[in-house]
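Colleague: Please see the structure below; I have some questions.
The values are calculated or read from the model by the stated rules, or taken from the named source; none is laboratory data. Nothing here was measured: the structure is a model prediction, and the numbers come from that model. Cβ placement follows ideal geometry from the backbone for every residue including glycine, while neighbour counts extend to all protein chains displayed.
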Amino acid sequence: MNRHSHRRGAFAAVAVAVAGLALGATTAQIDQRVDGALNRFYSQNEQHKDLAQKAAAVLVFPRITKAGAGVGGEYGEGALEVNGKTVGYYKVTGASVGATLGAARRSEVILFMTDAARDKFMSSHDFTLGADAGVAVMRKGAGADYDTETLRKPVLAFVFGEHGLIADASLEGAKISKLPPQ
C-alpha cells in the first residue's frame, strides 16, 4: 500500500468514526441541544443575549466532534433560528491532513448580524466558515469581550465549551450544509 492510499484509508476511517459519534439526532433532539447550548452561551457573557436579539439569524451547533491522528474529521448538527423560531437544520463537516492529533468536542453559535449575511447563507449550497472576510471568529472563547470593530462584521462566530485534547482547533474550512428533511 502506498503512502497516499494509506492516508485516504486513514481519512475514511476517521471521517466514519467522527460521523458515527454525532449521527442520528432527531430534530427534537437537535432542538433540545440547541436550547441548552444557547443557555450556556448567554450565561458566559451578558452581551451575548443582546447580540443574538439584534441578529437577523442565529445558527447553533451544540456538539461538534473533531478527531484525528494526522488525518482528521469533524461533524456536528444544529439549527438556524430566525426571530426565535427554527427555520432549518444544518450540519457542519470538515477534514484536515497534517497537524491534527486527538479528539475534542465544542459548541458554536454563529450570528448573522445583517439580513444580507443571513440571506447569503440561506441561499448558499455550502457555506465555508472562515473563507469569507466578513466573518469574525471569536478565538478567545465565548466569554471574552469584543471590540466595536469586531461587532461591525456581518457574521460573528463564537466557539465555547471545548472538551478534550486536540492539537488543531481551527474553524477554517468547515463546511455548513442543510440537512435533508426528516
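Colleague: What are the residues in the stretch 68-82 that are crowded, with 22+ Cβ neighbours inside 10 Å and either among the small types (Gly, Ala, Ser) or at pLDDT 95 or above (or both), if any?
Modeller: Initially, the stretch 68-82 is screened for residues crowded, with 22+ Cβ neighbours inside 10 Å, giving 68, 72-80.
Residues satisfying the conditions are 68, 72, 73, 76, 77, 78, 79, 80.
Colleague: Does residue 55 satisfy being at pLDDT 95 or above and either under 19 Å from the mean Cα position of the chain (by Cα) or aromatic (Phe, Trp, Tyr) (or both)? Before you say what the answer is, go through the steps one by one.
Modeller: Working: at pLDDT 95 or above: yes; either under 19 Å from the mean Cα position of the chain (by Cα) or aromatic (Phe, Trp, Tyr) (or both): yes.
In short, yes.
Listed here are the residues, each with its yes/no results for (1) at pLDDT 85 or above; (2) at positive phi; (3) of a type outside the set (A, V, I, L, M).
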position: 84; (1), (2), (3): yes, yes, yes
position: 92; (1), (2), (3): yes, no, no
position: 97; (1), (2), (3): no, no, no
position: 102; (1), (2), (3): no, yes, yes
position: 105; (1), (2), (3): yes, no, yes
position: 110; (1), (2), (3): yes, no, no
position: 115; (1), (2), (3): yes, no, yes
position: 118; (1), (2), (3): yes, no, yes
position: 121; (1), (2), (3): yes, no, yes
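Colleague: Can you pull out the residues in the stretch 38-61 that are buried (at least 16 other Cβ atoms within 10 Å of the Cβ), closer than 18 Å to residue 112 by Cβ and of a type outside the set (Gly, Ala, Ser)?
Modeller: Within the stretch 38-61, 38, 41, 42, 48, 51, 58, 59, 60, 61 qualify.
Colleague: Starting from the stretch 144-173, keep only residues that are farther than 16 Å from residue 52 by Cα, then list their pairs with residues that are at pLDDT below 80 and among the hydroxyl-bearing types (Ser, Thr, Tyr) whose Cβ atoms are within a distance under 8 Å, requiring at least 6 positions of separation or different chains.
Modeller: Correct list of pairs: 166/100; 167/100; 168/96; 168/100; 170/96; 173/96.
Colleague: Being in a loop (DSSP other than H, G, I, E, B) and at pLDDT below 70 is the filter; apply it to the stretch 147-182 and report the residue that is farthest from residue 29 (Cα to Cα). Steps first, answer last, please.
Modeller: Step one: filter the stretch 147-182 for residues in a loop (DSSP other than H, G, I, E, B), giving 147, 152-154, 167-174, 179-182.
If we keep only those that are at pLDDT below 70 too, we end up with 167-173.
Working: 167: 30, 168: 28, 169: 25, 170: 26, 171: 24, 172: 27, 173: 26 Å.
The extreme case among them is 167.
Colleague: Taking the conditions exactly as written (within 14 Å of residue 60 (Cα to Cα) and at pLDDT 90 or above), does residue 129 satisfy them or not? Please lay out each step first, then the result.
Modeller: Working: within 14 Å of residue 60 (Cα to Cα): yes; at pLDDT 90 or above: no.
Judged against the criteria, residue 129 is not a match.
Colleague: Looking only at the stretch 147-163, count how many residues are over 24 Å from residue 63 (Cβ atoms), out of contact with any Ser or Thr (no Cβ under 6 Å at 6 or more places or on another chain) and of a type outside the set (S, T, N, Q).
Modeller: So in the stretch 147-163, the residues over 24 Å from residue 63 (Cβ atoms) come out as 147-154.
Right, trim to out of contact with any Ser or Thr (no Cβ under 6 Å at 6 or more places or on another chain) and you get 147-153.
Next, only the ones that are of a type outside the set (S, T, N, Q) stay: 147, 149, 151-153.
Counting residues in the stretch 147-163 that are over 24 Å from residue 63 (Cβ atoms), out of contact with any Ser or Thr (no Cβ under 6 Å at 6 or more places or on another chain) and of a type outside the set (S, T, N, Q) gives 5.
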